[in-house]
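Read-outs: derived from the displayed coordinates by stated rules, not from any lab. What you see is a predicted model; the values in this text were computed from it and never measured. So basically every Cβ, Gly included, is an ideal-geometry build from the backbone, and we count neighbours across all protein chains shown.
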Amino acid sequence: MDETRARELVAAERVRIDAALDDLTGGIRTEGSLESQQTGERRELGTDVAAEEVRIALLVSLREESAAVDRAMARIDAGTFGRSIESGDPIPDARLEAAPLAERTVEEQEAFEHGGA
């Protein structure tokens, strides 16, 4: 994959992640206070806790993706984007088009996720 296309794909991921982070953190700051202002009541505590746990998990995931964007940009700058961080084997362009932040081949990623790496 050429550098220009790689930068486009990774930049698009940055935009997506930043927008999701903005939406999520804005919701965390305002949702509870707006609801009580509008209705004069609060939801059940259990519902609030469960919703907050989901938001926190999403926030952690988005921050991890943001770090992956930084790593991908560093690989582009170093000329190693499109190569596995484990073996150095090429990552097919089709995979990078679908998952621009991919750091491993499909086989290596599966092994990694199943404790093989």
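Some notes on this structure:
- Shown in residue order for segment 78-83 are the 3J(HN,Hα) couplings computed by the Karplus curve 6.51 cos²θ - 1.76 cosθ + 1.60 at θ = phi - 60°: 7, x, 10, 4, x, 10 Hz (x for Gly and Pro).
- In order along segment 86-101, the phi-based Karplus estimate (6.51 cos²θ - 1.76 cosθ + 1.60, θ = phi - 60°) of 3J(HN,Hα) comes to 8, 9, x, 5, x, 9, x, 4, 4, 5, 5, 4, 7, 9, x, 8 Hz; Gly and Pro are listed as x.
- In Hz, Karplus ³J(HN,Hα) per residue of segment 14-26 (6.51, -1.76, 1.60; θ = phi - 60°; x = Gly, Pro): 4, 4, 4, 5, 4, 5, 5, 4, 4, 4, 5, 6, x
- Residue-count net charge about ALA11 - beta-carbon cut-off 15 Å; Lys, Arg +1, Asp, Glu -1: -3
- The amide H of ARG83, built 1.01 Å from its N in the peptide plane, has ILE91 as neighbours under 5 Å, considering only residues 5 or more places off or on other chains.
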